[in-house]
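Asks: Mind looking over this structure? Questions follow.
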Amino acid sequence: MLVLAVNGSFANLIVYLIQQFNVDRITAAQILNVFNGSTNITPVIGAIVSDSFLGAFMVVLISSLISFMVKAHPGHGPGGPRSPSAPADHSAQLMKEQDD
């Protein structure tokens, strides 16, 4: 599901760059490719830096503790209360505004 959400946001980013920033399509695609590449390589760089300073086992221990604390906290994690979502007619209102 996350892959679908990310791909949808990429399409929205291209449309946003073209319509709001008046960027041509080729430049918008290049910006998206740079953004996509940097978001994919950043975790690898972070892992190398954290392993070199803390060691692999300490990084696993710290991240496991953080993950446990977040999931154990009431109101967070799967099944917990969610923040209120936008009204259902919000997209229809945006579409109406674009047509005017």
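The values are calculated or read from the model by the stated rules, or taken from the named source; none is laboratory data. Worth saying up front: this structure is predicted, and the values here are computed from it rather than measured. Note that each Cβ is placed from the backbone with ideal geometry, even for glycine, and that neighbours are counted across all protein chains shown.
Asks: Can we say SER85 is modelled with pLDDT under 85 and of a type outside the set (Lys, Arg)? Before you say what the answer is, go through the steps one by one.
Replies: Working: modelled with pLDDT under 85: yes; of a type outside the set (Lys, Arg): yes.
Considered against the rule, which asks whether it is modelled with pLDDT under 85 and of a type outside the set (Lys, Arg), SER85 comes out as yes.
This table checks each residue for (1) small (Gly, Ala, Ser); (2) outside any loop (DSSP other than H, G, I, E, B); (3) surrounded by fewer than 10 Cβ atoms within 10 Å (Cβ to Cβ); (4) modelled with pLDDT under 90.
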| residue | (1), (2), (3), (4) |
| --- | --- |
| THR27 | no, yes, no, no |
| LEU32 | no, yes, no, no |
| ASP51 | no, yes, no, yes |
| PRO74 | no, no, yes, yes |
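Asks: Quickly run through segment 1-23 and pick out the residues that are surrounded by 10 or more Cβ atoms within 10 Å (Cβ to Cβ) and either outside any helix (DSSP H, G or I) or among the β-branched types (Val, Ile, Thr) (or both).
Replies: Of everything in segment 1-23, those that are surrounded by 10 or more Cβ atoms within 10 Å (Cβ to Cβ) and either outside any helix (DSSP H, G or I) or among the β-branched types (Val, Ile, Thr) (or both) turn out to be VAL6, ILE14, VAL15, ILE18, PHE21, VAL23.
Asks: From the list LEU61, LEU32, LEU4, which residue is free of Cβ contacts under 8 Å to residues at least 24 places away in the same chain, of a type in the set (A, V, I, L, M, F, W, C) and in contact with a Leu (Cβ under 7 Å, 6 or more places away or on another chain)? Working first, answer last.
Replies: On the way: LEU61 fails: in contact with a Leu (Cβ under 7 Å, 6 or more places away or on another chain); LEU4 fails: in contact with a Leu (Cβ under 7 Å, 6 or more places away or on another chain).
None of the other options fit; the residue is LEU32.
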